[in-house]
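K.L.:
Sharing a structure with you now.
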Amino acid sequence: MQYETELQREMNRQLDEKQILEQAKSYAFDYFSRVSEMRAVPSEESKRALTAFDEAIPYESQSPEQVLALLQSAGQSNLSAQGGGRYFGFVNGGILPVSLAARWMADAWDQNAALSVMSPLAAKLEEVSERWLVDLLELPEGTAAGFVSGSSTATLCALAVARDALLLRQGWDVRTRGLYGAPMIRVVLGEQAHSSVFKALSLIGMGKENVVLASVDAQGRIDPANLPEIDGNTLLILQAGNVNGGAFDPFEPLCARARACGAWVHVDGAFGLWAASCKETKPMTRGMDQADSWSCDAHKTLNAPYDNGIVFCRDRGALVQTMQATGSYLQYGEERDSMLYTPEMSRRARGIELWAALRFLGRSGVDVLVAGLCDNARYFAGLLLARGFRVLNDVVYNQLIVACDTPDETRATLREIQSGGVCWCGGAVWKNEPVIRVSVCSWRTTHADVEISVAAFENARERAAQSK
Ligand SMILES: *Cc1c(COP(=O)(O)O)cnc(C)c1O
């Protein structure tokens with residue numbers, strides 16, 4: 001008996017005729033051909049096109065070609081130009097063509113990376129990526145990696161492992177007893193720790209206010225001379241890359257102190273961990289390998305597609321112990337089973353595009369990529385200073401903190417930059433002052449992009465002055 005529903009027949013047709021995949025490919029090519037001229041973020045006016053999506057769910061199945069056409073017509077004018085060279089918002093990152101292509105392949109294969117038996121390829125490429133990254137970032141040999149969605153999750157995992165390990169040393173097994181009645185852990189972190197660290201602390205039951213804040217210097221680095229007391233029951237959280245200014249904590253003295261007393265050190269290195277892979281920025285990471293765990297993003301500095309983060313843990317056993325799951329149907333193999341290293345069970349094989357990025361770039365390519373971001377950041381800073389803007393941080397990496405003469409002028413100029421659409425930057429508050437935050441993190445940015453953006457800053461400042 002041969003029985004096919006109409007829906008099955010239709011979807012088989014879609015695969016046989018290749019039409020919708022070709023259509024998607026041509027839309028993608030269209031995006032890349034326009035992205036350099038596109039507004040950095042959509043205008044208020046184009047956001048109106050989004051109302052096309054405000055409809056009731058259709059009853060009948062629709063033509064897939066029309067579904068994609070709607071996405072293209074109403075959706076494409078509402079994108080951030082992440083793939084271009086003038087998006088400097090947050091700390092985001094561009095996209096390496098080879099990683100995008102590898103991701104397309106991985107998406108077509110729809111592999112589940114949970115167990116090696118589900119996808120030997122995914123398991124192998126995560127194993128290789130783990131080894132390559134540990135080598136590239138000069139982390140301790142044997143360090144384990146879990147491939148997660150981003151640094152927020154990576155930090156969450158690492159802090160959970162640290163909590164479990166610190167309490168286990170005191171004879172308390174959190175995994176079975178929970179935190180009710182558990183001994184306290186002392187959490188010490190810098191005043192300018194990223195919000196995701198506080199969120200992770202609250203999620204793992206340690207409380208985001210239950211911490212001791214270490215004072216920081218003018219660049220936002222923890223000052224070792226004023227480090228609060230730490231002991232063998234302390235979780236010390238450091239930063240590779242201050243979220244605003246990009247500064248690195250002085251790892252060498254801080255990790256030495258932690259090692260001497262047995263404190264657990266975690267490094268939030270969402271975008272800064274990559275400094276270890278670049279000759280020019282490597283010195284800032286000296287001593288970072290003395291930590292116990294690290295969190296990092298491949299979707300930021302490395303320019304892998306979203307979403308791609310990594311948790312590293314020196315003690316492989318500790319990571320596996322915290323992330324362990326059991327079930328009679330789970331078939332752990334001889335090979336690397338990813339779900340032993342992450343909170344998720346099923347997940348997409350993001351190791352594939354990560355591997356592709358590393359295999360394409362090689363050591364020298366990563367070095368050039370990171371150095372290029374830093375070079376553009378310095379160039380940006382130099383031009384802005386020459387045009388009378390203030391640059392408030394030491395530009396040691398890819399981040400700039402910029403201000404005009406007065407807080408009002410800064411605020412108004414930022415508004416004009418954002419609505420102008422030539423480039424896009426976010427704002428922040430730095431030492432009680434509103435600032436413009438520039439993050440150079442796409443491979444696509446050139447000196448020409450920087451020059452165009454600096455001109456946009458000047459125009460914005462003029463417009464702001466006129467509208468006063
Ligand atoms: C971006 C960032 C995070 C959060 O990473 P996600 O990948 O967005 O979850 C954490 N810490 C720092 C310093 C960051 O820049």
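Bear in mind these aren't lab numbers, they're just calculated from the coordinates by the rules spelled out. Keep in mind it's a predicted model, so treat the numbers as computed, not measured. Every residue, glycine as well, gets a Cβ built from its backbone with ideal geometry; the counts of neighbours run over all protein chains shown.
K.L.:
Using alpha carbons only, how many angstrom separate the centre of region 216-282 from the centre of region 1-57?
P.N.:
45
K.L.:
Still on this model: Hey, could you get me the Stokes-Einstein D for region 95-250, Kirkwood radius over alpha-carbon pairs, 4 °C and 1.567 mPa s, rounded to whole µm² s⁻¹?
P.N.:
Translational D for this selection: 71 µm²/s.
K.L.:
Next question. Between Asn78 and Ser215, what length comes free when the chain is fully extended (0.36 nm per residue of separation minus the Cα-Cα distance, one decimal in nm)? Mind dumping the intermediate values first?
P.N.:
Details: separation 137, 0.36 × 137 = 49.32 nm, distance 4.14 nm.
Contour length minus Cα-Cα distance gives 45.2 nm.
K.L.:
What are the semi-axes of the equivalent ellipsoid of the chain, taken as the square roots of 5 times the eigenvalues of the Cα gyration tensor, listed largest first and rounded to whole Å? Intermediate values should be presented prior to the final figure.
P.N.:
Values: eigenvalues 259, 236, 79 Å².
One finds semi-axes of 36, 34, 20 Å for the chain.
K.L.:
How high is the relative contact order of region 1-113, given as a whole-number percent (alpha carbon pairs under 8 Å, six or more residues apart)? Please report the intermediate quantities before stating the final value.
P.N.:
Values: 56 pairs, mean separation 33.8, N = 113.
That works out to 30 percent.
K.L.:
If you filter region 314-344 for GluC sites (Glu not before Pro), then keep DSSP loop positions with at most 14 other Cβ within 10 Å, what is left?
P.N.:
When the GluC sites (Glu not before Pro) of region 314-344 are filtered for loop state and at most 14 Cβ neighbours within 10 Å, Glu334, Glu335 remain.
K.L.:
Something else about it: Under 8 Å for C-alpha pairs, at least 6 residues apart: give me the relative contact order for region 400-448, rounded to a whole percent.
P.N.:
39
K.L.:
Further question on the same structure: In whole Å, what are the Cα extents of region 1-101 along the three principal axes, biggest one first?
P.N.:
59, 35, 22
K.L.:
For the chain, how many pairs of lysine residues have a Cα-Cα distance under 22 Å, where the two are 8 or more positions apart or belong to different chains?
P.N.:
On the way: Lys199/Lys208; Lys199/Lys300; Lys208/Lys431; Lys279/Lys300; Lys282/Lys300.
Going through the chain pair by pair, I get 5.
K.L.:
With n ≥ 4 as the cut-off for DSSP H runs, can you work out [θ] at 222 nm for the chain, using -39500 (n - 2.57) per run divided by the number of residues, rounded to the nearest 500? Don't jump to the answer; show the numbers that get you there.
P.N.:
Numbers: 14 runs with 190 residues, N = 468.
Theoretical 222 nm ellipticity from helices: -13000 deg cm²/dmol.
K.L.:
Would you mind calculating the gained length between Leu7 and Ala101 on full extension (0.36 nm times residue separation, minus the Cα-Cα distance), in nm to one decimal?
P.N.:
Numbers: separation 94, 0.36 × 94 = 33.84 nm, distance 2.89 nm.
Gain on extension, Leu7 to Ala101, equals 30.9 nm.
K.L.:
So for region 182-305, averaging the separation of alpha carbon pairs under 8 Å that are six or more residues apart and normalising by length, what relative contact order in percent results?
P.N.:
Numbers: 231 pairs, mean separation 26.8, N = 124.
Once divided by the residue count of region 182-305, the mean separation gives 22 percent.
K.L.:
Could I ask something else about it? Which trypsin sites (Lys or Arg not before Pro) from region 216-322 combine a DSSP loop assignment with at most 16 other Cβ atoms within 10 Å? Write out the running numbers ahead of the final one.
P.N.:
Details: sites: Arg221, Arg257, Arg259, Lys279, Arg286, Lys300, Arg314, Arg316; in loops: Arg221, Lys279, Arg286, Lys300, Arg314.
Taking region 216-322 and a limit of 16 other Cβ atoms within 10 Å, the loop trypsin sites (Lys or Arg not before Pro) found are Lys279, Arg286.
K.L.:
Moving on. Fully extended, how many nm does the chain gain between Lys208 and Glu55 (0.36 nm per residue separation, minus their Cα-Cα distance)?
P.N.:
Working: separation 153, 0.36 × 153 = 55.08 nm, distance 4.06 nm.
This chain segment gains 51.0 nm when fully extended.
K.L.:
In which sequence would Trp355, Trp274 go, from the one with the fewest C-beta neighbours within 10 Å to the one with the most? All intermediate terms of the calculation are to be shown ahead of the outcome.
P.N.:
On the way: Trp355 24, Trp274 29.
In increasing order of surrounding Cβ atoms, one gets Trp355, Trp274.
K.L.:
Next question, about the same structure. At what distance in angstrom do the alpha carbon centres of region 391-416 and region 122-201 lie from each other?
P.N.:
34
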